[in-house]
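Chemist: One structure coming up, written as structure tokens, with questions to follow.
None of the figures in this text is laboratory data; all of them are computed from the coordinates on show. Quick caveat: nothing in here was measured; it's all calculated off a predicted structure. Cβ coordinates were reconstructed from backbone atoms using ideal geometry, including for glycine residues, and neighbour counts include every protein chain displayed.
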């Protein structure tokens, strides 16, 4: 019985042992597979490029991926077992992270693309995208939280830059069009819509030849074959056709568009509508042509004035003189005085014509720039006048070395007029005095010619420089009234000013400035 | 001694008369040939047209040339005078109303010997004619006059 029992015991024990052995084996298998699983999980965690962090239900760090240490510049000993918020000297105490872990996750167990922006002391301001998983472990009912962190700071920057660029392209007044190598339109901004009249939907996918003038469908192709590949075409002026058929002038800048490998995949075309500008240019050319034509006409007119108007005057004067000479015995004194008047009037008209021509010539003659010695010029003019009137005794003071940049021919005419004027209006002085010099008026150097002649009333100074305006009768002082108008035109052509100061009976001073 | 001829090229009859009068007043008694346009002036010099058969070796001592002329203008007459071997050495005085710079420049470029603008004042004109008449007919020596 005992043996039986024993036998039974042995059998039972054996069975237990076998069972135990099996259990042990099973446990080993389980342990092995658990180890394998952990190793597997850890290698996965460490292989992932994104920093990954595993937290327990108390939000303490269970483990982190290698990339986490690298990215956040923290050490394992100050990480594992710590509360996540305390990491890196409490740098991780981020309100939005608290919200995710404590409020959102308990309700949703999984949450993707949660954006957090934070300023880390060690690595600066970062924008992160968090993916969180809350995993319930059935065994022991322990929760763990997986938190994957993606640093999107750079991507965000690129996106921002890109959207800024896109906004610029979109808001530009110029048409900015992208086309591929086949000439198909691939992008079309709102500027293009304004310039060409088509909206993006109507043209994207169509050929750019849509915009060309009839007869020029391949202009881009011709243009682009002219340049070696990869070069720009800048400010190329041509014409295009709008949706409504209107022809517009455009200025094109074409540059190649490359993919990331540097291969040219198309062109960007910036087109500026220059129709208005072109129109203005054409108008300017037209106005210039008209001005030139008018100038030519004026020249032809002056030519015939100088030639044709003077010829009859010579006849009138010549034959009046012939009458006076050949018939002096038969003409009475009245007839002779009439003939004298005819001759005087004729000669005055001759002077008027001459002065008028001079006036027109100073306005239309070519303009030369050189250094002109005004002092020498003034002295020569006075000397010539003195030679012609040797009986006049005059005092002349001339400041030496007055040089000016200007047109010598025109300045000679201006100075002749000024000096002749002074000479004329001092003709009744017992002791005429003249001075040529420079002075400073309102901060500018002005030249002046002063005389002690009859002067004039400043009340009429406005009339002084008008053509054919005279402040004295021809009986008092001969003249045509063109001299000062001529002076003013010459000084104006030099960009300077001329003015006068005078007092009746005390002489006049004429000032002029010549910039440069 | 052969007569020293003055060729006056002038289309305006008043100017012709006044010029001749001015010569007379200055006792310049040279024979004056008047050509009323450029063609007649060239005909005279070349012995063609109405001057067919004229002895072309008998050259004027001076040519007084107006610029504004019918048919062929003064500057063109001057150009042809200077191009022709026979006439190129004859002194040419431009006597004109024009004081245009371009006429003056063009005239001298083409080989004018002098340029005088006719003054409106007849007395001045007489004075000018006196001086130029005496100078060109009396004082000036030319290869053509030496050949005589």
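Chemist: Could you work out the mean count of beta carbons from other protein chains within 10 Å of each residue's beta carbon in B:84-97?
Modeler: Values: counts 0, 0, 0, 0, 0, 0, 0, 0, 0, 0, 0, 0, 4, 11.
If you average over the peptide's residues, the count of other-chain Cβ atoms is 1.
Chemist: Here is a follow-up. Taking just the alpha-carbon atoms of the range B:98-148, what radius of gyration and Dmax come out, in angstrom?
Modeler: In Å, with Rg to one decimal and Dmax whole: 13.6, 38.
Chemist: Turning to a different aspect of this structure: Go through A:24-34, A:438-448, B:23-33 and give me the packing order, highest mean Cβ count within 10 Å leading. Each step should come with its number before you reach the end.
Modeler: Details: A:24-34: 10.4, A:438-448: 13.7, B:23-33: 15.5.
Going by the mean number of other Cβ atoms within 10 Å, highest first, we get B:23-33, A:438-448, A:24-34.
Chemist: Let me ask another. When the scattering of the range A:10-81 is computed by the Debye formula from its Cα atoms alone, each counted once and equally, what is log10 I(q)/I(0) at q = 0.19, 0.25, 0.26, 0.28 Å⁻¹?
Modeler: Cα-only, vacuum Debye calculation for the range A:10-81: -0.81, -1.06, -1.10, -1.15.
Chemist: Something else: Give the shape of the range A:318-421 as rounded, prolate or oblate, defined through the alpha-carbon gyration tensor: a ≥ b ≥ c are the square roots of its eigenvalues, a/c under 1.5 means rounded, and otherwise the shape is prolate if a/b is larger than b/c and oblate if not.
Modeler: Oblate.
Chemist: Quick check: pseudo-label points 7 Å beyond the Cα along Cα→Cβ at residue A:75 and residue A:395, how many nm apart are they?
Modeler: Here the answer is 10.5 nm between the modelled labels.
Chemist: What does the structure give for A:304-316 when I average, per residue, the other chain Cβ atoms found within 10 Å of the residue Cβ? Provide the component values of the computation, followed by the final result.
Modeler: Working: counts 3, 1, 7, 10, 3, 2, 8, 10, 3, 4, 11, 8, 3.
The shielding value for this peptide is 6.
Chemist: Whole Å is fine, so just give me how far the alpha carbon centre of the range A:372-409 lies from that of the range A:348-371.
Modeler: Cα centres, the range A:372-409 to the range A:348-371: 20 Å.
Chemist: Find how much the distance from residue A:171 to residue A:60 grows on full extension, using 0.36 nm per residue of separation minus their present alpha carbon separation; answer in nm with one decimal. Numbers along the way, then the final one.
Modeler: Values: separation 111, 0.36 × 111 = 39.96 nm, distance 5.08 nm.
Additional length available on full extension: 34.9 nm.
Chemist: What do you get for the angle between helix A:275-304 and the principal long axis of chain A? Use alpha-carbon atoms, 0 to 90 degrees, nearest ten.
Modeler: For helix A:275-304, the angle is close to 10 degrees.
Chemist: Follow-up. Does anyone have the angle between helix A:374-388 and the longest principal axis of chain A? Alpha-carbon axes, 0 to 90°, nearest 10?
Modeler: 10
Chemist: I've got another one for you. Please give the contour-minus-distance gain from residue A:383 to residue A:492: 0.36 nm per residue of separation, less the Cα-Cα distance, rounded to one decimal in nm.
Modeler: Difference between extended and current length: 36.5 nm.
Chemist: Next question, about the same structure. Would you mind checking the radius of gyration and Dmax of chain A based on alpha-carbon positions, in Å?
Modeler: 51.8, 203
Chemist: If I model a spin label as a point 7 Å beyond the Cα along the Cα-Cβ vector, how far apart are those points for residue A:110 and residue A:160 in nm?
Modeler: Those two pseudo-labels are separated by 3.2 nm.
Chemist: Quick one: grab the alpha carbon gyration tensor of the range B:1-59, order the square roots of its eigenvalues as a ≥ b ≥ c, and give me rounded if a/c is under 1.5, else prolate or oblate depending on whether a/b is larger than b/c.
Modeler: oblate
Chemist: Relative to the longest principal axis of chain A, what angle (0 to 90°, nearest 10) does the C-alpha long axis of helix A:483-493 take?
Modeler: 20
Chemist: Something else: Fully extended, how many nm does the chain gain between residue A:209 and residue A:364 (0.36 nm per residue separation, minus their Cα-Cα distance)? Could you put the intermediate results ahead of the total?
Modeler: On the way: separation 155, 0.36 × 155 = 55.80 nm, distance 5.03 nm.
Answer, rounded to one decimal: 50.8 nm.
Chemist: Using just the helices of chain A, give the 222 nm mean residue ellipticity in deg cm²/dmol: DSSP H runs with n ≥ 4 each add -39,500 (n - 2.57), and the total is spread over all residues, rounded to 500. Walk me through the numbers on the way to the answer.
Modeler: Details: 15 runs with 226 residues, N = 516.
Calculated mean residue ellipticity at 222 nm is -14500 deg cm²/dmol.
Chemist: In Å³ and rounded to a whole number, note down the convex hull volume per residue for the Cα atoms of the range B:19-129.
Modeler: On the way: hull volume 11.3 nm³, N = 111.
Hull volume normalised by residue count: 102 Å³.
Chemist: Now for a separate question. From the helices alone, meaning DSSP H stretches of at least four residues, give me the mean residue ellipticity at 222 nm for chain B, per-run term -39500 (n - 2.57), in deg cm²/dmol to the nearest 500. Walk me through the numbers before you get to the answer.
Modeler: Values: 6 runs with 58 residues, N = 148.
So the helix-based figure for chain B works out to -11500 deg cm²/dmol.
Chemist: So for the range B:39-148, averaging the separation of alpha carbon pairs under 8 Å that are six or more residues apart and normalising by length, what relative contact order in percent results? If you can, show how the numbers build up before the last one.
Modeler: On the way: 121 pairs, mean separation 24.9, N = 110.
23 percent.
Chemist: To continue, here is another question. Per-residue Cβ counts within 10 Å, from other chains only, averaged over B:13-21: what number is that? Present the calculation step by step, with values, prior to reporting the outcome.
Modeler: On the way: counts 1, 7, 4, 0, 4, 7, 1, 0, 6.
Across B:13-21, the average partner-chain Cβ count within 10 Å equals 3.
Chemist: Using alpha carbons only, how many angstrom separate the centre of the range A:20-89 from the centre of the range B:75-148?
Modeler: 119
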